[in-house]
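Remarks on the structure that follows.
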Ligand code: GLU
């Protein structure tokens, strides 16, 4: 998957800012062109309506913390956010309840098992393990602080909309398709309840989780949402403080260890960025202090990560100097000091 392309790119330190805007624009266009023809992977179909996605779609956006935007391809095509919602609901709930409460309730360790595993919970005394697998996401969503199910939904939708800088809408067709077939998630909810891990009704928490997954976004939205996490919780487009800087740090930490399903370790090894993907083909990869990449392409690898999206993120991480673990002798290179 991550076989190294022959890229003539020197390693750059992770510190500093994005390269100059004209260079970012060039590299985004290049990444789009390089991977648009890649036809590996399959479109998800376990939620029936997802199978209808147009596999040719490919969109890439880089949003900088300075408000810059660079885009190529199908960046305006809407798709359901799916698992990527987990990152932002987690951030909002942490912002409300605090680091300790969520850590204690949900956990932050990788399961090494599929995102919808029941065995992971059984092997760990009923712990949902982390907020990026379905059990942890349902447990997190169950903590949403509002008085009724309608208010909880408004809270989630409004919160994710603040990250995106625009009002996000529910894709009713996706919601209904998943609500009619999500027996496994209902089982996860019930199992959480049997372990005393939920204070609210299990099926209501699963329903809210299903709705949050059906919010409609674009690659552009994902980049802006990610750039908000990169910018200490301030949306660089609207200037609104959505969550605290500490919450961004905590969220990105969880994404680094658990954001890319069972391939989170490989992803971090090759790309070096906290990221989250979803089964409809979206990826958001965040470079703290610099910005974020939003990618959309529906063909997935066996773990559920967009094939083209991963390759494009790998290319951009290397060429833009985003890998968090990269250093060069003597600190930042000269080119990194020239900013946007
Ligand atoms: N709503 C999907 C599910 O719970 C999300 C899966 C995903 O994107 O990983 O199965």
task = Provide the gained length on full extension for the span residue 34 to residue 302, in nm with one decimal, where the gain is 0.36 nm per separating residue minus the Cα-Cα distance.
result = 94.3 nm
ask   = So for 35, 46, 195, fewest C-beta neighbours within 10 Å to most, what's the order?
value = 46, 195, 35
ask   = Which of the peptides 238-244, 91-97 is most tightly packed, and how do the rest follow, judged by the mean count of other Cβ atoms within 10 Å per residue?
value = 91-97, 238-244
request  = Could you please state, rounded to a whole Å, how far the C-alpha centre of segment 270-300 is from the C-alpha centre of segment 65-117?
outcome  = 10
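What is the order of 39, 221, fewest Cβ neighbours within 10 Å to most?
By the 10 Å Cβ count, ascending, the order reads 39, 221.
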ask   = What's the FRET efficiency of residue 124 with residue 200 using the Cβ-Cβ distance as r and R₀ = 30 Å, to the nearest 0.05?
value = 0.90
Label-point gap, in nm, between residue 78 and residue 21 - each point 7 angstrom along Cα→Cβ = 2.9
request  = Mind pulling the angle between the C-alpha long axis of helix 245-258 and the longest principal axis of the chain? Nearest 10 degrees, somewhere in 0 to 90.
outcome  = 90
inquiry  = Output the 0 to 90 degree angle, nearest 10, between the alpha-carbon long axis of helix 202-213 and the longest principal axis computed from the alpha carbons of the chain.
reply    = 30
inquiry  = Compute the helix-to-body angle for 219-230: its Cα long axis versus the longest principal axis of the chain, expressed 0 to 90° and rounded to tens.
reply    = 90
query = Based on the Cβ-Cβ distance of residue 147 and residue 327, what FRET efficiency does E = 1/(1 + (r/R0)^6) give at R0 = 41 Å, to the nearest 0.05?
reply = 0.25
query = Spin-label point model (7 Å from Cα, Cβ direction): what's the residue 54 to residue 97 distance in nm?
reply = 4.1
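Read the figures in this text as sums done on the coordinates, not as results from a lab. Treat the numbers as computed from the prediction; the structure is a model and nothing was measured. Every residue, glycine among them, receives a Cβ derived from its backbone with ideal geometry; neighbour counts consider all protein chains shown.
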